[in-house]
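Notes to accompany the following structure.
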Amino acid sequence: MNKSRKVPFEEALNLTGFGKYNYVTLLVNVLVILSVVFEIYSVSYVVPTSACDLQTTVYQQGLIASTPMAGIIITSNFWGYLADTRGRRKIVILSLLLSFTSSTLACFSPNWICLFIFKFISSTALAGTYPLGLTILGEFTPAHKRAMMVAMIGTVFTMSFGFLGILSIPISNLKFSYHVPILDINLVPWRLLNFLTTTPAAIAAFATYLTYETPKFLLSVGEEEKALDVLRRMFEINNGKGRDEYQVHSLFLDESSSEPSKSLWASIKSQTTPLLKPPLLRNTLILSFLFSIVYFVINPFYVWLPVVANAIVQTKNNGQFGLTLCETLRFSENITIAQSNECAMNSTAMFTVFVVTLVLGSLNAFLSATIEHIGKKRLLICVQIISGLTGLGINFSTHWAMNGVLFLLFLVGILNFGFLCTFSVDMFPTYVKAMAICLSMMIGRGVSVIGINVVKSMLTYNCELAFYCFPALAFVGAFTGFLLPGDKKNEGKENSI
């Protein structure tokens with residue numbers, strides 16, 4: 001190769017091959033995603049199991065459960081800006097360490113307000129970690145494997161929730177209590193569970209420290225030699241050859257870039273403004289709306305999945321049959337009130353949560369492996385339609401097993417979270433990519449905060465209406481999916497980079 005020729009970045013990345021380094025990057029991002037899921041969704045288990053100790057009401061439980069999403073909304077834009085200007089790797093490490101510290105302090109909360117505050121701070125720290133993990137993975141992966149690798153993270157995201165359920169089984173059913181006079185708290189199982197769910201953040205921070213900054217980011221900020229050095233190292237690890245055999249000596253990033261800004265506010269504005277005007281405005285609006293649909297329609301039910309599973313198992317164990325899912329939830333609520341001193345989750349129910357997430361994760365893995373053949377757009381639309389149809393059918397089923405199957409198929413909509421991320425990685429240029437993903441997710445999570453509280457209230461007081469309204473919105477998401485760019489168009493774009 002001519003040493004004087006400048007090579008487009010995507011071509012240079014393809015020349016590094018696809019191998020060990022890419023799988024190591026995937027493994028590190030698995031740890032990052034695991035820490036995010038454990039922190040965000042730990043409230044699904046911590047909230048009901050801490051109810052007896054902290055004496056929380058339904059309203060307070062809804063507030064605590066929505067806290068992670070609320071915290072993420074506040075600083076998503078800020079973390080996206082930092083990642084686009086200061087580097088992906090260092091910001092991920094900082095976020096994970098801050099989250100670990102705050103969530104550890106949450107273990108010693110004397111009341112629900114302190115738990116709310118520490119969980120809020122912890123989730124605020126984690127606001128950009130998930131989208132940044134996807135950005136890092138996308139920028140290390142050759143174009144022809146990118147959609148598959150990013151979609152695989154959706155499998156990890158889904159199954160991590162199930163592993164959280166398995167972790168909660170032995171912990172939440174322990175029967176110890178140690179009083180700590182200086183804090184005036186009782187060390188009970190839910191505090192141990194909360195601590196165990198935050199330890200992956202510390203492990204992920206250390207693993208991220210051992211990796212490299214993405215070469216695409218380095219090139220975008222003018223560090224061409226550093227970018228080349230990372231690419232050479234990737235080539236060496238992937239192919240088992242010497243770095244000097246990598247035949248790229250000069251790079252250029254064939255996409256637009258932003259002008260450097262002097263102030264923090266000016267910098268954030270320069271990163272955000274391009275997303276809010278043509279030609280990127282259309283992409284921003286479509287993705288933000290679709291993220292909102294997935295977060296508002298499916299994520300709240302996913303958060304309360306342990307409660308639903310617990311209700312189905314409790315009702316069946318008490319010999320109550322021929323009930324709809326909503327009647328099952330009301331019966332379970334009456335049992336809980338009658339046994340007000342019992343807040344442990346049923347072990348069978350928690351194992352059921354694991355099985356549900358295992359099924360969803362396996363389905364996501366299969367679809368991720370075939371996404372290049374089926375097409376991202378087709379998958380997203382079909383998943384939304386399946387979710388809407390089965391959600392509408394929930395009110396008409398009176399068999400506990402069918403209730404569970406329909407609810408599982410309704411939750412299939414959560415897979416579109418990962419598929420939407422594959423669009424996000426491809427539809428924005430590098431200098432605003434992290435900001436774009438953070439902004440889209442921030443809007444989605446904003447409506448999720450509302451959704452979590454609305455669903456909790458509706459499942460308690462107006463359950464049947466919930467399974468008419470939310471599935472209907474799933475169909476709205478399916479129709480909106482037709483506005484996304486076609487798969488052939490995306491592939492052509494990737495190949496032209």
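Structural remarks
- Residues that are within 22 Å of residue 329 (Cβ to Cβ), at pLDDT 85 or above, open to solvent by less than 30 Å² (accessible area, probe 1.4 Å) and touching a Leu at 6+ places or on another chain (Cβ under 8 Å) are absent from the range 478-497.
- Complete set of residues in the range 78-89 that are touching a residue at least 40 places away in the same chain (Cβ under 8 Å) and assigned to a helix (DSSP H, G or I): 78, 79, 80, 81, 82, 83, 84, 85, 88, 89
- Long-range neighbours under 7 Å by Cβ, at least six apart or interchain, first residue touching a residue at least 60 places away in the same chain (Cβ under 8 Å) and among the polar types (S, T, N, Q) within the range 19-37, second assigned to a loop (DSSP other than H, G, I, E, B) and open to solvent by less than 10 Å² (accessible area, probe 1.4 Å): 22/141
- Any pair with Cβ under 9 angstrom, 6 or more apart, that starts in the range 208-222 at a residue that is within 14 Å of residue 134 (Cα to Cα) and assigned to a loop (DSSP other than H, G, I, E, B) and ends at one that is open to solvent by 20 Å² or more (accessible area, probe 1.4 Å) and among the basic types (Lys, Arg): 213/89; 213/90; 213/226; 214/89
- Some residue of the range 124-141 being surrounded by 20 or more Cβ atoms within 10 Å (Cβ to Cβ), over 30 Å from residue 18 (Cβ atoms) and small (Gly, Ala, Ser): yes
- Some residue of the range 215-226 being of a type outside the set (A, V, I, L, M) and within 30 Å of residue 120 (Cβ to Cβ): yes
- Some residue of the range 454-472 being in a helix (DSSP H, G or I), of a type in the set (Asp, Glu) and at pLDDT 90 or above: yes
- Residue tally, condition surrounded by fewer than 24 Cβ atoms within 10 Å (Cβ to Cβ), modelled with pLDDT of 90 or more, part of a helix (DSSP H, G or I) and among the hydroxyl-bearing types (Ser, Thr, Tyr), over the range 379-432: 1
- The residue list 14, 22 contains one member that is out of contact with any Leu (no Cβ under 6 Å at 6 or more places or on another chain) and open to solvent by 10 Å² or more (accessible area, probe 1.4 Å), which is 14.
- Test for residue 203: is it under 19 Å from the mean Cα position of the chain (by Cα) and of a type in the set (A, V, I, L, M): yes
- Verdict on residue 201 being in contact with a Ser or Thr (Cβ under 6 Å, 6 or more places away or on another chain) and aliphatic (A, V, I, L, M): yes
- For the range 81-110, the set of residues classified as open to solvent by 30 Å² or more (accessible area, probe 1.4 Å) and in contact with a strand residue (DSSP E or B) (Cβ under 9 Å, 6 or more places away or on another chain) consists of 108, 110, listed by residue number.
- The range 211-245, residues that are touching a strand residue (DSSP E or B) at 6+ places or on another chain (Cβ under 6 Å) and surrounded by fewer than 21 Cβ atoms within 10 Å (Cβ to Cβ): 224
- Scanning the range 123-172 for residues that are over 15 Å from the mean Cα position of the chain (by Cα) and not in a helix (DSSP H, G or I) returns 141, 142.
- Within the range 33-77, being more than 16 Å from the chain's Cα centre (by Cα), in a helix (DSSP H, G or I) and either among the small types (Gly, Ala, Ser) or closer than 21 Å to residue 200 by Cβ (or both) holds for 45, 46, 47, 49, 51, 62, 64.
- Residue ID - modelled with the highest pLDDT, chosen from residues in the range 302-330 that are part of a helix (DSSP H, G or I) and among the hydroxyl-bearing types (Ser, Thr, Tyr): 328
- For the range 365-387, a residue qualifies if it is under 19 Å from residue 145 (Cβ atoms) and hydroxyl-bearing (Ser, Thr, Tyr), and the qualifying residues are 368, 370.
- Filter pass, residue 103 being under 15 Å from the mean Cα position of the chain (by Cα), in a helix (DSSP H, G or I), within 28 Å of residue 349 (Cα to Cα) and touching a residue at least 60 places away in the same chain (Cβ under 8 Å): no
- The lone exception for residue 202 - which of (1) touching a helix residue (DSSP H, G or I) at 6+ places or on another chain (Cβ under 6 Å); (2) surrounded by 18 or more Cβ atoms within 10 Å (Cβ to Cβ) it fails: (2)
- Among the numbered conditions (1) touching a residue at least 24 places away in the same chain (Cβ under 8 Å); (2) under 21 Å from the mean Cα position of the chain (by Cα); (3) farther than 28 Å from residue 362 by Cβ, the only one that residue 118 does not meet is (1).
The values are calculated or read from the model by the stated rules, or taken from the named source; none is laboratory data. Keep in mind it's a predicted model, so treat the numbers as computed, not measured. All Cβ positions, even for glycine, are placed from backbone atoms using ideal geometry, and neighbour counts span all protein chains on display. Areas reflect the complete protein model, heavy atoms only, side chains present, ligands, DNA and RNA absent. Shrake-Rupley method; radii C 1.70, N 1.55, O 1.52, S 1.80 Å.
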